[in-house]
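The values are calculated or read from the model by the stated rules, or taken from the named source; none is laboratory data. The structure displayed is predicted, hence computed values, not measured ones. Please note: Cβ atoms are built from the backbone with ideal geometry, for glycine as well, and neighbour counts cover all protein chains shown. Accessible surface is based on the protein model in full, side chains and every heavy atom, while ligands, DNA and RNA are left aside. Shrake-Rupley method; radii C 1.70, N 1.55, O 1.52, S 1.80 Å.
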Amino acid sequence: MNEHLTQQAFARTTKRWPIYMDHHATTPVDSRVLDVAVRMMVEEFGNANGVENTHGEQAAHAVSQAKAFVAKIVSAESDDVHFTSGSTEAIQLAIAHAIALQSRPLRVAMSRVEHKAVIDTILQAERMGLVQKSWISVDDKACLDWSSLEGALSQGVDLVCVMAANNEVGTIYPVQRITRACHDHGAAILVDATQAVGRMAFDVGSEVVDYIALSGHKVYGPKGIGALVAPNFDRSTTYGLQGSHSPTPNVAGIVAMGRACEIMDLEGVQESARLEHLRNHLQQRLVALLPGVVINGDVVNRLPHNLHLSVPGVPNDVILARLRGKLSISTGSACNTGAQEPSHVLQAMGLPDALLESCLRIGLGRSTDLDDVEVAATLIADAVHVVRASFSGADHV
Ligand code: PLP
């Protein structure tokens, strides 16, 4: 595979039918990432824990290089990178660590639009008596209600959980400002940067975020690898039973994630500008084709590849069924069982049921081009027209 494959060539080589526009759910592995993963499995396959021979040394060196790439993308230090199986595990470790630092239940304030990986972990810890939680509200664009955050902080909080960008509506949060407010009140902060990494600047100035969670498969790396970036993290504090032996690192996954972050770091700004342009084009086409369509989230401060919309009166499951096999998009609110629940994000935004039931999440990505956008707009509009026609026909029966 060509190491110097450009973004555009990557786009052409990965063209597939159905068109994939669900890049918030996961991303395909970039062939440049695959190259290094295969190399680490087949050629430089040493055990990074066994540095007394060349193979082990090479693997350990590759792991430390990967740490540097991951750290750079979130403006952190290499030593603070701890690899995990993904963001969910990173979040769970961060919360477990924060709990272990307290001799009483951890006081947590979390935004109402956090990913379930955060919310479910906190609720479980609360049921176990390990956490006392409070909620931070959002407005109808999913922007943080600043007075709600300040209210929580002034009550006394140990840990605040606010994501860098929302995985459903794409709203971006002012991480630096929130981190400063937390630290001014003596609270630590957990930033779930899973969707934000490489797609927006992650600059917190002189602040140091206490816990950052990120995931390989959201940045064109493999599934099953992620990282917790945390300056004061120590696994032995989290797991009291852990001995001094460290598990053999998943070198191929780690190096792949490092390469994915390196590519995001090099190309993310350009890629985001391209996707923002395509996203805006898709939005304009859908607004023109579908009278009554509503764009959800903060259209000014939004992830560049995110388009979240509702078509009132047109149930989203019916639309997805019509698009199946042609265009992969989602509602963004599937739970683990595969059953659809109303989105807790849209509920927290106070959106009416008509918008909840008809919401669609579209996530553009590295392989998306203008043709895809044109075809997607037509497919979605056609599906909506058919459903509307069938409903109005039913009304007249
Ligand atoms: N946090 C956010 C915002 C996400 O979007 C996701 C995945 O969808 C996760 C956490 C969980 O990530 P992972 O699949 O790496 O466990």
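Once the stretch 98-110 is narrowed to residues that are in contact (Cβ under 8 Å) with a residue 60 or more places away in the chain and crowded, with 24+ Cβ neighbours inside 10 Å, the residue that is nearest to residue 179 (Cα to Cα) is 109. Give me the residue from the stretch 24-59 that is of a type in the set (S, T, N, Q) and in a helix (DSSP H, G or I) and, out of that set, modelled with the highest pLDDT. So the residue we want is 31.
Flag: residue 145 does not match the condition of being touching a Gly at 6+ places or on another chain (Cβ under 8 Å), under 29 Å from residue 346 (Cα atoms), more than 16 Å from the ligand (Cβ to nearest atom) and acidic (Asp, Glu). Only residues that are surrounded by fewer than 24 Cβ atoms within 10 Å (Cβ to Cβ) and part of a loop (DSSP other than H, G, I, E, B) were counted in the stretch 174-197, giving 4. Note on the stretch 284-309: residues that are in contact with a Pro (Cβ under 9 Å, 6 or more places away or on another chain) and farther than 17 Å from residue 142 by Cα amount to 2. Quick check: is even one residue across the stretch 329-336 crowded, with 22+ Cβ neighbours inside 10 Å and at pLDDT below 95? The answer is yes; a qualifying residue exists. Restricting attention to the stretch 90-103, does a residue exist that is small (Gly, Ala, Ser), closer than 26 Å to residue 171 by Cβ and away from the ligand (no atom under 16 Å from the Cβ)? Scanning the stretch 90-103 turns up at least one residue that is small (Gly, Ala, Ser), closer than 26 Å to residue 171 by Cβ and away from the ligand (no atom under 16 Å from the Cβ).
Here residue 146 clears all of (1) within 21 Å of residue 182 (Cα to Cα); (2) open to solvent by less than 30 Å² (accessible area, probe 1.4 Å); (3) of a type in the set (A, V, I, L, M, F, W, C) except the condition numbered (2).
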